[in-house]
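*Asks:* Can you read through this structure? Questions will come right after.
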Amino acid sequence: MLLKVALLLLALVIGKFDVITKPILSLQPPWTTFFFYEKVNLTCEHLDLIGLGNIQWYKQEKKFHKTSTNTIIIRESGQYSCGNEDSVHSDPVTITFLKEWLILQTPYSVFEGDTMILQCQGWKKFKLSRVTFYKWKKSIYFTEENKALSIKAARREDSGQYSCSAYVENQKKEQRSTLVILQVQDLFPRPKLRIKNSTEAMVGSSVNLSCETQLSPQRSASRLYFSFYKDNRTIRGRDRSPEYCIPATIIAGTGFYWCVAATEDDQVQKQSLELEIQGSTSIPLRHRRSQLVLGILVLFVMTGISAAFLLYFRVLKKAEGAATPDPARGAFFPGTPETPKAASSPNLESCPVYVNVNPLDEKNEDMVYSEVFFREQKKKAISKHPSPREDDFSVIYSKVRLPQSQKLTCIRE
């Protein structure tokens, strides 16, 4: 048990967990639909880490049989898989046994690029005529004799629900088979273009690219070829190696790169997404996002400073405008700061220096205005205290009044 766990951990480390530890269930004959009097051989393959002893068989995800060999014979419908109690199970395969005049035989496993053969079969090998094949209940192929429907280089779009109809020997009416669902699997996922061992593209330096994808374990014997492109031109043609070193002469200048993985016969081709590499500056690609964020922050700061200065100058201009007489409300009166003198009031409150109200609005009871007064203090003898006092200085102050509560007169000498 400990040895198996150690081997599983080793498989994880070397990155071959799916390939090595996941068994594959194969069928012989290689169909999924059979007549009830037939039998099928199931084989549990790819048992590198499991070994041939104590293979567990599952039906409807429940244990039903245990063998010391990797093959068993079945005669009942169900969903089958195999494996070991301490390992990952194989992908399940649904097998159906029917008691019908006609069945459609389809392969149990179809991948992109495979030749897919569909065969209409009669009970006890009875002869068939006027055979029609259907996909999603629509006719796709007709043959007067019982010829198989062959689809070369299957694609994902060929997945669907299939059936067939035919006249069976000694039968006076047309027979139709049970529907069979056929799924075309990915031979390999869409490749991803990555910068290997580095995320930097520097001026005058080369860059190592890797076109990463992996064949399905059931098709691990297939071969893939890789091509690399920049913008609209090829920088390296088909080659078995999924890696490519871009010379400094090519990396100069920003460009969009991508790769293509294809089978040997080019029946299956898949292109990666584009990868932008910037080589026109010495700034590595990994700093581009931080530069963008920094640029946005600087823009916000500059905008805030500009707004603050604009607000400051607007307030300053408004303050200067408030100190200037408004022609629409009339000139300030009755005197100026240099000449006002009063004789009737000791506090000089009867002689305002400025009054910001138009004489025409004097009788408006709703008008509120302000008066500015000047009070001059006589200086006293020098105090023993060095600090100045309030009564040593002249004072300018203002009051807010209603027009009817104060006469706007001034007695001058």
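The values are calculated or read from the model by the stated rules, or taken from the named source; none is laboratory data. Nothing here was measured: the structure is a model prediction, and the numbers come from that model. Cβ: placed from backbone, ideal geometry, glycine included. Neighbour counts: every protein chain shown.
*Asks:* Just to verify a result, which residue in region 209-227, among those that are closer than 12 Å to ALA262 by Cα and hydrophobic (A, V, I, L, M, F, W, C), is surrounded by the most Cβ atoms within 10 Å (Cβ to Cβ)?
*Replies:* Filtering first and then ranking leaves PHE226.
*Asks:* State yes or no: is VAL207 in contact with a helix residue (DSSP H, G or I) (Cβ under 6 Å, 6 or more places away or on another chain) and modelled with pLDDT under 90?
*Replies:* Yes.
*Asks:* Quick one: how many residues across region 62-93 are touching a residue at least 24 places away in the same chain (Cβ under 8 Å) and either touching a His at 6+ places or on another chain (Cβ under 7 Å) or farther than 19 Å from GLN183 by Cβ (or both)?
*Replies:* Of the residues in that region, 14 qualify.
*Asks:* Go through (1) exposed (fewer than 14 other Cβ atoms within 10 Å of the Cβ); (2) in the same structural domain as LEU25 (by TED's automatic domain parsing) one by one and return the number of the condition PHE142 breaks.
*Replies:* Answer for PHE142: the failing condition is (2).
*Asks:* State which residue pairs qualify: first residue touching a residue at least 24 places away in the same chain (Cβ under 8 Å) and inside region 263-278, second residue among the aliphatic types (A, V, I, L, M) and surrounded by fewer than 16 Cβ atoms within 10 Å (Cβ to Cβ) in any location, beta carbons under 6 Å apart, and separation of 6 or more residues or different chains.
*Replies:* Final answer for the pair search is GLN267/ALA153.
*Asks:* Further, regarding this structure: Would you be able to say whether some residue in region 171-192 is farther than 27 Å from THR106 by Cα and either surrounded by 13 or more Cβ atoms within 10 Å (Cβ to Cβ) or of a type outside the set (Gly, Ala, Ser) (or both)?
*Replies:* Within region 171-192 (the criterion being farther than 27 Å from THR106 by Cα and either surrounded by 13 or more Cβ atoms within 10 Å (Cβ to Cβ) or of a type outside the set (Gly, Ala, Ser) (or both)), the answer is yes, since at least one residue qualifies.
*Asks:* Answer with yes or no whether GLU200 is of a type in the set (D, E, K, R) and either surrounded by 17 or more Cβ atoms within 10 Å (Cβ to Cβ) or at pLDDT 90 or above (or both).
*Replies:* no
*Asks:* Okay, moving on. Select, from LEU128, LEU118, LEU102, the only residue that is within 25 Å of ALA153 (Cβ to Cβ) and buried (at least 21 other Cβ atoms within 10 Å of the Cβ).
*Replies:* From the options LEU128, LEU118, LEU102, the qualifying one is LEU118.
*Asks:* Please report, ordered by residue number, the strands (runs of 3 or more DSSP E) entirely within region 1-114 with at least 2 residues that are modelled with pLDDT of 90 or more, among the small types (Gly, Ala, Ser) and not assigned by TED's automatic domain parsing to the domain that holds ASP265.
*Replies:* So the answer is 78-83.
*Asks:* Which residue is surrounded by the fewest Cβ atoms within 10 Å (Cβ to Cβ), if the candidates are limited to region 155-170 and must be of a type in the set (Asp, Glu) and not in a loop (DSSP other than H, G, I, E, B)?
*Replies:* Top of the filtered list is GLU157.
To keep it simple, each residue is scored yes or no on (1) modelled with pLDDT under 95; (2) part of a strand (DSSP E or B); (3) within 28 Å of the chain's Cα centre (by Cα).
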{"residue": "SER222", "(1), (2), (3)": "yes, no, no"}
{"residue": "TYR225", "(1), (2), (3)": "no, yes, no"}
{"residue": "TYR244", "(1), (2), (3)": "yes, yes, yes"}
{"residue": "PHE256", "(1), (2), (3)": "yes, yes, yes"}
{"residue": "ARG288", "(1), (2), (3)": "yes, no, yes"}
